[in-house]
Amino acid sequence: MPSSPNKLSKRYLLASGILLISLAQGAFSSELGQGESIVVDSISRSQILTSDSPEAEFSEKGIAKEASKSVGVESVTSDNVDVYVIPLGYGLPISVLGGDEFINLSADLPYVNVELPTGNESGLGDMRVGAEYFIERNNIIFKAAMDIKFPTGDEENNLGSGSTDFGFSLTGRKRSGDIGFNATAGYILRGEATVNSFKRDYGNVITLVGGAEYQLKPSFWVGTNAAFIRSGEDEFSVGGNNPGLQTLDLIPSASFRLNTDMTVVAELIIPIQESLVNGTAGAVEPDREVTMSFGFNSEF
């Protein structure tokens, strides 16, 4: 039996209401998850904030010949989000293609504090595990990495995205004397999540990073990278979409190796430009603020 006009009208209003709520939440989540993606997304951090990655030391001293374990503490602070991370790593030399090679298994354990219009939320964020393969060719250290981000953060409270994501990246790094260069190309295949009873299909992300560094004194390097990030639009099961975001940032950094086992790193992410990807009428670009990252990593 056909539905009555009143029932159809109620269904239409309900669907419209859900869509409006979805888009409103999506707009705020976009600012957190895309405008401040380096802060919120653990795979983006692993691809973009690379100054303390093993290839930095490898490009200066050569690939390690012994197995290593590492643990650290990192804080990433932005306008609306603070992330505190315990990075873990275990690596060992291998010989697959011949020559010097190294494989490193890594994980990030994040604790997130988010400032929302309804109040602050804190708790476990989305965990990342990854594997990085290093090889040296023509005095350049190459790193191929794969990451998986698990939805361990509470997506209802913006502590995580609610999706399982996969990241892939390739990095090249070279240090010669007091000068160094690096470049990274990455892609993040983002999944689908159910938030407040509706499905959200996240747009995929492209990251391009490159820059130079200079050795001020032994064990003390400073540098600047440029990071281009393009995230596609999110699609909602109830119709409509949340526009993606395209950004350009400058990232000055400093790293200091305290001894043979410990490195301290500080980085600033300075927004330069942003534009919406497939933005709808009335969509507003996020007002991004400077982000600061500081931490140390110790081998044992």
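The values are calculated or read from the model by the stated rules, or taken from the named source; none is laboratory data. What you are looking at is a predicted structure, and each value in this text was computed from that prediction instead of being measured. We place every Cβ from the backbone using ideal geometry, glycine too, and count neighbours over all the protein chains shown. Keep in mind that these areas ignore ligands, DNA and RNA; they rest on the heavy atoms of the full protein, side chains included. Shrake-Rupley method; radii C 1.70, N 1.55, O 1.52, S 1.80 Å.
Checking the condition assigned to a helix (DSSP H, G or I) and hydrophobic (A, V, I, L, M, F, W, C), which residue from ILE135, ILE43 passes? Result of the check over ILE135, ILE43: ILE43. If the condition is being open to solvent by 30 Å² or more (accessible area, probe 1.4 Å), within 23 Å of ARG137 (Cβ to Cβ) and either touching a Ser or Thr at 6+ places or on another chain (Cβ under 6 Å) or part of a helix (DSSP H, G or I) (or both), then the range 47-93 contributes ASP52, PRO54, GLU57, GLU60, LYS61. Annotation note: of ILE103, ILE141, the sole residue that is more than 24 Å from GLU192 (Cβ to Cβ), in contact (Cβ under 8 Å) with a residue 60 or more places away in the chain, part of a strand (DSSP E or B) and among the β-branched types (Val, Ile, Thr) is ILE141. Would you say ILE206 is in a strand (DSSP E or B), open to solvent by 20 Å² or more (accessible area, probe 1.4 Å) and closer than 14 Å to ILE48 by Cβ? So ILE206 fits the description; yes.
The set of residues in the range 151-191 that are open to solvent by less than 20 Å² (accessible area, probe 1.4 Å), hydrophobic (A, V, I, L, M, F, W, C) and modelled with pLDDT of 95 or more contains only ILE188.
Here VAL96 meets the list (1) β-branched (Val, Ile, Thr); (2) in contact (Cβ under 8 Å) with a residue 12 or more places away in the chain; (3) open to solvent by 60 Å² or more (accessible area, probe 1.4 Å) almost entirely, failing just condition (2).
Taking strands (runs of 3 or more DSSP E) as the structural unit, those lying wholly within the range 220-300 and holding at least 3 residues that are in contact (Cβ under 8 Å) with a residue 12 or more places away in the chain and surrounded by fewer than 21 Cβ atoms within 10 Å (Cβ to Cβ) correspond to 220-231, 244-257, 262-277, 291-299. What's the number of the only condition in (1) under 19 Å from the mean Cα position of the chain (by Cα); (2) under 27 Å from LEU109 (Cα atoms) that LYS199 fails to meet? Here LYS199 clears every test but (1).
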